[in-house]
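K.L.:
One structure follows; several queries about it will come next.
The values are calculated or read from the model by the stated rules, or taken from the named source; none is laboratory data. Only a predicted model underlies this, so the values are computations on that prediction, with no experimental measurement involved. FYI the Cβ positions are ideal-geometry reconstructions off the backbone, even for glycines, and counts take in every protein chain you see.
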Amino acid sequence: MPKRISLTRYLVEQQRMKGHIPSQLRLLLEVVARACKRISQAVNKGALGDVMGSAESENVQGEMQKKLDIIANEVLIEANEWGGHLAAMASEEMEGIYVVSNRYPQGEYLLMFDPLDGSSNIDVNVSIGTIFSVLLKPEGVGVSEQDFLQPGTKQVAAGYCVYGPQTTLVLTVGDGVAVFTLDREQGSFVLTEENLRVPEDTKEFAINMSNQRHWAEPVTRYIDECLQGKDGSRGKDFNMRWVGSMVADVHRILTRGGVFLYPWDKREPEKPGKLRLMYEANPMSWLIEQAGGAATDGNRRIMDITPSKLHERVSVFMGSKNEVERVISYHRQG
Ligand code: AHG
Ligand code: MN
Ligand code: MN
């Protein structure tokens, strides 16, 4: 029988062999995975649980919250606040940072998350997920929002869990990308793929085409050329997919290649993009880079951007390396 490697065993072996997962980080990742299991259970209940529909409240981004956005946020906070591994957390669903209560020991890590990515897909039974990113708290007394404002290159762990036909946890600690599938009978995540690689070339792109008339010139040019297919300068036909949950779109790209685009557009010119840098773009960028892909805002490597605020937004182009490099070259040419 092939050896089954649980998430726990994988983390212990990584720690033992390569020494790059300190025990507090291992605990943190296990706790996040446990929270994802609980969120997965809530998602699976659907209309049988009180998890569908709107919560009739707005988050800091001015977006209507779904019940599951709030449930997932609470599950992640409750699971993580007492373990002694964290100094503070930040979430899409909370305006400020959540400092771990002084009833518990303070750890050295900072955890950021998008508790429920793809909220508009909850009620229609389409894949959604949780995205997370881990930083080390800079030296010093106490913890503040400023401590979170580190570029993505400083991440010490990043990952996501996608609640789809399978519940899948995808993780990096800077040594490649590992994929775990939830065994529902056993209640544990089992390693199902190691050293995931994104093909360098692709014939598939993911963008919300309904925004086409608002795009900047380099994006229009890139997509036009894809659409011309065999008859155009690319000389090959392209396929298009847009789930509307970044986790699901990026998971597909990590699995079979492709390019994901959520660019700045002219609808709200002062807004740099829709997606959030610190708990959407950065963790996904690191996973994509660790799998051999690339991630840019058109001009800069996403992970090199130093954030100036917690909920900062950014333009995102990520996926198969050669396509992302093409998008970058179109931005250079103006
Ligand atoms: P969230 O549900 O966390 O607010 O994120 C939704 C994001 C992202 O998952 C997805 O790629 C994008 O919004 C979809 O946007 P459109 O509805 O504009 O296509
Ligand atoms: Mn999101
Ligand atoms: Mn969300």
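K.L.:
Consider residue 191 against the criteria (1) touching a residue at least 60 places away in the same chain (Cβ under 8 Å); (2) assigned to a strand (DSSP E or B); (3) closer than 22 Å to residue 280 by Cβ: it satisfies all of them except one. Which criterion is unmet?
P.N.:
Result: residue 191 passes all but (3).
K.L.:
Yes or no: segment 129-136 includes at least one residue that is crowded, with 22+ Cβ neighbours inside 10 Å, closer than 19 Å to residue 280 by Cβ, within 16 Å of ligand 2 (Cβ to nearest atom) and β-branched (Val, Ile, Thr).
P.N.:
There is at least one residue in segment 129-136 that is crowded, with 22+ Cβ neighbours inside 10 Å, closer than 19 Å to residue 280 by Cβ, within 16 Å of ligand 2 (Cβ to nearest atom) and β-branched (Val, Ile, Thr).
K.L.:
Shifting gears a bit: Go through segment 174-191 and give me each residue that's surrounded by fewer than 17 Cβ atoms within 10 Å (Cβ to Cβ), closer than 18 Å to residue 130 by Cβ and not small (Gly, Ala, Ser).
P.N.:
181, 184
K.L.:
Taking segment 10-41 on its own, how many of its residues are in a helix (DSSP H, G or I), of a type outside the set (S, T, N, Q) and touching a residue at least 24 places away in the same chain (Cβ under 8 Å)?
P.N.:
So in segment 10-41, the residues in a helix (DSSP H, G or I) come out as 10-18, 23-41.
Filter again for of a type outside the set (S, T, N, Q), leaving 10-13, 16-18, 25-39.
Filter once more, keeping what is touching a residue at least 24 places away in the same chain (Cβ under 8 Å): 10, 18, 25, 27-29, 31-39.
Counting residues in segment 10-41 that are in a helix (DSSP H, G or I), of a type outside the set (S, T, N, Q) and touching a residue at least 24 places away in the same chain (Cβ under 8 Å) gives 15.
K.L.:
Here is a follow-up. Tell me, yes or no, whether segment 165-173 has at least one residue that is surrounded by fewer than 20 Cβ atoms within 10 Å (Cβ to Cβ) and over 19 Å from residue 311 (Cα atoms).
P.N.:
We begin by selecting, within segment 165-173, every residue surrounded by fewer than 20 Cβ atoms within 10 Å (Cβ to Cβ); these are 165-166.
Now drop any that are not over 19 Å from residue 311 (Cα atoms), which leaves 165-166.
Yes; the residues of segment 165-173 include at least one that is surrounded by fewer than 20 Cβ atoms within 10 Å (Cβ to Cβ) and over 19 Å from residue 311 (Cα atoms).
K.L.:
Give the residue that is farthest from ligand 1 (Cβ to nearest atom), with candidates limited to residues of segment 88-118 that are among the charged types (D, E, K, R) and closer than 20 Å to residue 311 by Cβ. Spell out how you get there, then give the answer.
P.N.:
So in segment 88-118, the residues among the charged types (D, E, K, R) come out as 92-93, 95, 103, 108, 114, 117.
Filter again for closer than 20 Å to residue 311 by Cβ, leaving 92-93, 95, 114, 117.
Details: 92: 6, 93: 9, 95: 15, 114: 5, 117: 4 Å.
The extreme case among them is 95.
K.L.:
Go through 95, 78, 139 for me and flag whichever is surrounded by fewer than 17 Cβ atoms within 10 Å (Cβ to Cβ) and part of a helix (DSSP H, G or I).
P.N.:
On the way: 95 fails: part of a helix (DSSP H, G or I); 139 fails: part of a helix (DSSP H, G or I).
None of the others qualify; the one that does is 78.
K.L.:
Among the residues of segment 123-136, is any more than 12 Å from ligand 3 (Cβ to nearest atom) and among the aromatic types (Phe, Trp, Tyr)?
P.N.:
Taking segment 123-136 first, the residues more than 12 Å from ligand 3 (Cβ to nearest atom) are 123-127, 133-136.
This time we only want the ones that are among the aromatic types (Phe, Trp, Tyr), so: none.
No, segment 123-136 contains no residue that is more than 12 Å from ligand 3 (Cβ to nearest atom) and among the aromatic types (Phe, Trp, Tyr).
K.L.:
Within the group 118, 96, which residue is within 14 Å of ligand 3 (Cβ to nearest atom), within 21 Å of the chain's Cα centre (by Cα) and more than 23 Å from residue 20 (Cβ to Cβ)?
P.N.:
Numbers: 96 fails: within 14 Å of ligand 3 (Cβ to nearest atom).
Result of the check over 118, 96: 118.
K.L.:
Of everything in segment 171-183, what is modelled with pLDDT under 95 and out of contact with any helix residue (DSSP H, G or I) (no Cβ under 8 Å at 6 or more places or on another chain)? Give them in sequence order.
P.N.:
None - no residue of segment 171-183 is modelled with pLDDT under 95 and out of contact with any helix residue (DSSP H, G or I) (no Cβ under 8 Å at 6 or more places or on another chain), so the list stays empty.
Conditions (1) surrounded by fewer than 16 Cβ atoms within 10 Å (Cβ to Cβ); (2) more than 16 Å from ligand 3 (Cβ to nearest atom), marked per residue:
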position: 228; (1), (2): yes, yes
position: 243; (1), (2): no, no
position: 250; (1), (2): no, no
position: 269; (1), (2): yes, yes
position: 292; (1), (2): no, yes
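K.L.:
Separate question: Could you say which residue among 267, 301, 326, 313 is free of Cβ contacts under 8 Å to residues at least 60 places away in the same chain and away from ligand 1 (no atom under 16 Å from the Cβ)?
P.N.:
Only one candidate passes the filter, namely 301.
K.L.:
Before we move on, is residue 44 polar (S, T, N, Q), assigned to a helix (DSSP H, G or I), within 21 Å of the chain's Cα centre (by Cα) and farther than 23 Å from residue 278 by Cα? Break it down into steps so the answer makes sense when it comes.
P.N.:
Details: polar (S, T, N, Q): yes; assigned to a helix (DSSP H, G or I): yes; within 21 Å of the chain's Cα centre (by Cα): yes; farther than 23 Å from residue 278 by Cα: yes.
Yes, satisfied.
K.L.:
Can you pull out every residue in segment 51-66 that is outside any strand (DSSP E or B), in contact with an Asp or Glu (Cβ under 8 Å, 6 or more places away or on another chain) and within 13 Å of ligand 3 (Cβ to nearest atom)?
P.N.:
Going residue by residue through segment 51-66, those that are outside any strand (DSSP E or B) are 51-53, 59-63.
From what is left, the residues that are in contact with an Asp or Glu (Cβ under 8 Å, 6 or more places away or on another chain) are 52-53, 59-61.
Passing the criteria: 59, 60, 61.
K.L.:
Just checking, does segment 39-50 include any residue being in contact with an Asp or Glu (Cβ under 9 Å, 6 or more places away or on another chain), crowded, with 16+ Cβ neighbours inside 10 Å and farther than 23 Å from residue 136 by Cβ?
P.N.:
There is no residue in segment 39-50 that is in contact with an Asp or Glu (Cβ under 9 Å, 6 or more places away or on another chain), crowded, with 16+ Cβ neighbours inside 10 Å and farther than 23 Å from residue 136 by Cβ.
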